[in-house]
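Report on the structure given below.
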Amino acid sequence: MTTLLNATGIRAGYLPGVDILRGVDLHVDEGELVGIIGPNGAGKSTLIKALFGLVAIREGSVTLREDDITNKAAHDLVKAGVGYVPQRANVFPSLTVEENLEMGLFTDPHRWDERVPAVHELFPLLANRADQKAGSLSGGERQMVAMGRALMTAPSLILLDEPSAGLSPANQELVFDTVRKIADSGVSILMVEQNARRCLEIADRGYVLDQGSNAYTDTGDALLHDENVIGLYLGTLGRE
Ligand SMILES: Nc1ncnc2c1ncn2[C@@H]1O[C@H](COP(=O)(O)OP(=O)(O)OP(=O)(O)O)[C@@H](O)[C@H]1O
Ligand SMILES: [Mg+2]
């Protein structure tokens, strides 16, 4: 397998002298769906933001294929083929669904005709609701808009921060199915999730992040059956 994204020894934080990430190592291979789970406050969102150039990396390095992308600006990463869907506020509520998709192409507007059919095929809802304001959609539908927008640039890697958060169980299932479908279409995905069990079930590999460091890593399946991971991170629900 070819490594697409490789992060080594990442240290990052918000306040001077206080590292939230304390030496994180992680990689994503071409075509892989990789999940990150861990307790609240572990630094999962901070890690995704650091990879996307939104939180400064203090130590360590990130490469995308052969290129060093450590601390590259987000708009340059979009051009390099990286998409990002944040945990909160990931659509423009006052814009229509179609306008939200257009925002995804702001770096490259002439690609609309080429890209929109592929995105509509993955998310037929976005074609049916093209003129509806994103703010009037349900949480699950908004998540589709956010993922569709990130796919408009035909990224090779998408960073997803808690795509199922706040959704009904049925909508969560829809999101997990869609994420797997996107990965099966050849787009690599690095996904943070609070629904740890479902995340590991669909992921090829997973990482458990705890207090800003790697705690465990293995295939999704192996982590699901690891007694320590179950006891510490999956809770009693893990023992099905
Ligand atoms: N903008 C910020 N300024 C200062 N500290 C922050 C900021 N954002 C996050 N933190 C702190 O960084 C730590 C990690 O937060 P982060 O959001 O990365 O955790 P998380 O693993 O994504 O948690 P959750 O599961 O709740 O989303 C927390 O202690 C948090 O308070
Ligand atoms: Mg978070």
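Values computed for the structure shown
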| read-out | value |
| --- | --- |
| Spacing of the two label points (7 Å from each Cα toward its C-beta) at Asn40 and Phe92, in nm | 3.2 |
| Computed over the chain: relative contact order in percent, which uses C-alpha pairs under 8 Å that are six or more apart | 25 |
| The range 33-136: relative contact order as a whole-number percent, Cα under 8 Å and 6+ apart | 22 |
| GNM flexibility winner over the chain from Tyr216, Tyr14, Tyr84 (Cα, springs under 10 Å) | Tyr14 |
| Fraction of beta bridges assigned by DSSP in the range 145-240 that are antiparallel (%, nearest 5) | 55 |
| The range 58-199, relative contact order in percent, only Cα pairs under 8 angstrom and at least six apart counted | 27 |
| Within a Gaussian network of the chain (alpha carbon springs, distance under 10 Å), most fluctuating of Glu99, Glu201, Glu227 | Glu227 |
| Volume per residue of the C-alpha convex hull in the chain, rounded to whole Å³ | 121 |
| Glu30 versus Ser168: modelled label distance in nm, points set 7 Å from Cα along the beta carbon direction | 4.1 |
| Length added when fully stretched, Asp210-Asn71, from 0.36 nm per residue minus Cα-Cα | 47.8 nm |
| Zero-based 5 Å bins, Cα pair distances in the range 25-131, whole percents | 2, 9, 16, 20, 19, 16, 11, 5, 1, 0 |
| Among Leu125, Leu47, Leu15: highest mean-square fluctuation, GNM of the chain, C-alpha pairs under 10 Å | Leu15 |
| Karplus (6.51, -1.76, 1.60) ³J(HN,Hα), θ = phi - 60°, over the range 63-73, in Hz, Gly and Pro reported as x | 10, 10, 6, 8, 8, 6, 10, 4, 6, 5, 6 |
| Span from the the range 178-203 Cα centroid across to the the range 50-84 one, whole angstrom | 21 |
| Amide H partners (placed H, <5 Å) of Ile36, local residues excluded | Met191, Val192, Glu193, Tyr207 |
| Distant-in-sequence amide H partners of Asp210 (H built 1.01 Å from N, under 5 Å) | Ala215 |
| Among Met147, Leu137, Phe123 the positive-end extreme of the charge dipole of the range 119-170 (Cβ point charges) | Leu137 |
| Reachable lysines, given that their alpha-carbon falls under 27 Å from the alpha-carbon of Lys44 and they are not under 8 places away in the same chain | Lys72, Lys79, Lys181 |
| Cα point-scatterer Debye curve for the range 162-226, base-10 log of I(q)/I(0) at q = 0.16, 0.17, 0.24, 0.25 Å⁻¹ | -0.54, -0.60, -1.09, -1.15 |
| ³J(HN,Hα), Karplus 6.51/-1.76/1.60, whole Hz, each residue of the range 220-232, x for Gly, Pro | x, 5, 5, 5, 4, 9, 7, 4, 5, 5, 4, x, 8 |
| Length released on extending from Ala56 to Glu99, taking residue separation times 0.36 nm less the Cα-Cα span | 12.4 nm |
| Kirkwood estimate for the range 1-44, i.e. one over the average of 1/r between Cα atoms, Å | 12.0 |
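Only the coordinates and a few stated rules stand behind these numbers; no lab work does. Fair warning: this is a prediction, and the values are worked out from it, not measured in the lab. Every residue, glycine as well, gets a Cβ built from its backbone with ideal geometry; the counts of neighbours run over all protein chains shown.
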